[in-house]
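Notes for the one structure printed next.
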Amino acid sequence: MDQTVTHLLTGLRSDLTVPRDLFHSALVPERLRSFTDRFLEVMAYPVIDLPMFQSLIDMSVDTFVPNLRMVPPNTVTLLETDREFIESFMVGLNHEMARELLWREYPTDQRGTPFRQFWDPRPALPLPGESAGQRRNASTTSPRSPTGTPTLRWARTTTATRAACRSRNSSW
């Protein structure tokens with residue numbers, strides 16, 4: 001009985017089973033086989049919970065909303081979010097921050113996501129059942145935006161998938 005329990009508990013250890021199953025289901029080049037027996041957590045990194053849209057506005061309003069000056073005063077218009085631009089902007093910010101941390105000899109493996117939030121989540125209405133504590137932490141863990149999560153956890157989507165989602169007028 002003890003042997004069965006030990007075998008069962010060993011089989012439930014995700015630090016052993018996930019890497020093994022992943023590397024057995026994926027084609028791994030021979031030169032990388034020595035790394036397949038270990039997964040390492042991302043090292044510590046700073047978390048900068050400022051909404052990054054503000055940095056674009058600070059540079060230039062035209063950077064944030066191109067040709068806004070061409071909209072006549074006292075008119076209403078619709079704007080569409082350019083998600084590819086936001087993703088590229090956030091990835092670029094995080095990449096450059098990782099390089100800066102490395103340059104300054106900060107102990108990092110450059111896989112962290114210091115900048116996670118593009119939009120400011122505070123003006124959004126609370127989600128049903130959201131506590132005040134969850135609301136306070138929304139700037140870095142907001143489920144409202146894909147940029148509220150580390151880039152390592154972003155969904156892998158293609159341009160064709162995004163175009164298909166747009167044609168159905170659904171959010172992705």
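The values are calculated or read from the model by the stated rules, or taken from the named source; none is laboratory data. Note that the structure is a prediction, hence the values are computed from the model and not measured. Using ideal geometry, Cβ is built from the backbone for each residue, glycine included, and neighbour counts are taken over all protein chains shown.
Numbers below:
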read-out: Members of the range 80-139 that are over 21 Å from residue 65 (Cβ atoms), modelled with pLDDT of 90 or more and in contact with a strand residue (DSSP E or B) (Cβ under 6 Å, 6 or more places away or on another chain); value: 94
read-out: Per-region count, the range 56-114, residues surrounded by 15 or more Cβ atoms within 10 Å (Cβ to Cβ), of a type in the set (A, V, I, L, M, F, W, C) and touching a helix residue (DSSP H, G or I) at 6+ places or on another chain (Cβ under 7 Å); value: 4
read-out: Wholly within the range 1-102, helices (runs of 4 or more DSSP H) carrying at least 2 residues that are among the hydrophobic types (A, V, I, L, M, F, W, C) and within 29 Å of residue 116 (Cα to Cα); value: 14-25, 53-59, 61-64
